[in-house]
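The values are calculated or read from the model by the stated rules, or taken from the named source; none is laboratory data. Since the model is a prediction, treat every value here as computed from it, not as a measurement. Here the Cβ positions follow ideal geometry from the backbone for every residue, glycine too, while neighbour counts run over all protein chains shown. Ligands, DNA and RNA are stripped out before the accessible areas are found, and what is left, the full protein with its side chains, is counted by its heavy atoms. Shrake-Rupley method; radii C 1.70, N 1.55, O 1.52, S 1.80 Å.
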Amino acid sequence: MTILINEPVTVTGQQPKKVRRQWVSRSLGPWLLLLPAIVVLAIGLGIPLVRQCIMAFQHYGRAQQFGQPATFNGVDNFKAVFTDPDVWAVVIRSLAFCAVNVIVTMLIATAIALLMTRISTVPRIILQVCLLLAWAMPVIAAMTVWQWLFDTSYGVINWTLVHLGFSGFDQHNWLINPLSFFFVATVIVVWMSVPFVVFTLYAALTQVSDEMLEASALDGASGLQRLRYIIYPTIRPVISIVVLLQIVWDLRVFAQINYLQGVGGTVSETNLLGTFIYQLGVGNSNYGVASALALLVLLMTLIISSGYIRSLLKEAQA
């Protein structure tokens, strides 16, 4: 009796082609999906950045706006930035303003986020709606309201303080003194920043394991110990990105400061980096120096965020 064994027939080269096709689809597929976003970013961010880099090495003023060719002046714009004492005063002022706002925002937002994990559903929803309304309010509309609150003659703040016995606040101008100016600016910026941080931290806090918290409570851990050893390590990545975003936003704050300067602030004593660059370029038509300073601010932002970028690269390699 003869036993016939059917051996599989393979076509030479067919299997490697299939594997190669799958490898190409897996390697190029994500890039093809990202291509539209990359093109939009390259056009929307790349072209202005390249133009700004070119202008930073040019003498570009009012004459160039009317068609006169711009001439390259090497690093003269950067020399003007580094040798101008007003620039360093603005940089120090901006860093101090940024540090105060980030710290105050994170402290208030963390407290509110922790409170939202403790209260019942109805008060939490009311609080969330209030925060959402504050966050959704347009900047100019919000600034108009805050201007009315701190108005010299008819402001609610002055009226309240006077009726509480602080007679020195009658007809008090909050914007004429740099310290009180930045106090008002800090109140406004923190008020606008807190809702985003609260929602982000509250979402992170909902991911903390209830079983781990209950077990630590049974073991005798206090609330502060649970916050330090369980809650904080769990939400630390979220805190890192939120702090980074707040630093970037508060370092380049513009609309609030520019509005307050327009209604009574002393420009030379209250300038921050955003308003100072705007006045150099648009106000004084010195676009070359303004572009050089803007590049230095960009470099400063990259240095501040370098730690987070390195952590992202390590996660991508892992």
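Some observations on this one:
- For the stretch 252-291, accessible area per residue (1.4 Å probe, heavy atoms of protein chains only), Å²: 39
- In this structure, the amide hydrogen of GLN58, modeled 1.01 Å from its nitrogen in the peptide plane, lies closer than 5 angstrom to those of ASN73, counting only residues at least 5 positions away or on a different chain.
- Accessible heavy-atom area order of ASP84, ASP76, ASP170, highest first, probe of 1.4 Å: ASP170, ASP76, ASP84
- Note that the stretch 107-202 presents 58 Å² accessible area per residue, ligands and nucleic acids not counted, probe 1.4 Å.
- Solvent-accessible surface (1.4 Å probe) assigned to MET212 amounts to roughly 100 Å².
- Reducing the stretch 294-314 and the stretch 105-139 to their Cα centroids gives an inter-centroid distance of 30 Å.
- Among THR105, THR83, THR121, THR160, the order of accessible area from largest down is THR83, THR121, THR160, THR105, computed with a 1.4 Å probe on protein heavy atoms.
- Span-like helix ranges in the chain, DSSP H, alpha carbon extent 24 angstrom or more, Kyte mean at least 0.5: 85-116, 178-205, 232-251, 287-304
- The ellipsoid that matches the Cα gyration tensor of the chain has semi-axes, each √(5λ) in whole angstrom, of 48, 37, 17, with the longest given first.
- For ILE247, the solvent-accessible surface with a 1.4 Å probe is about 40 Å², rounded to the nearest 10.
- Placing unit charges on the Cβ atoms only, positive for Lys and Arg and negative for Asp and Glu, gives the chain a dipole magnitude near 1140 debye about its Cα centre.
- Taking the accessible area of the chain, probe 1.4 Å, and keeping the other protein chains in place, the carbon and sulfur fraction comes to 68%.
- The accessible-area ordering, largest first, of the residues LEU132, LEU244 stands as LEU132, LEU244, per a 1.4 angstrom probe.
- Estimated from helices alone, the mean residue ellipticity of the chain at 222 nm is -22500 deg cm²/dmol (sum of -39500 (n - 2.57) over DSSP H runs with n ≥ 4, per residue).
- In the complete set of protein chains, residue-level accessible area for ARG124 is approximately 50 Å², probe 1.4 angstrom.
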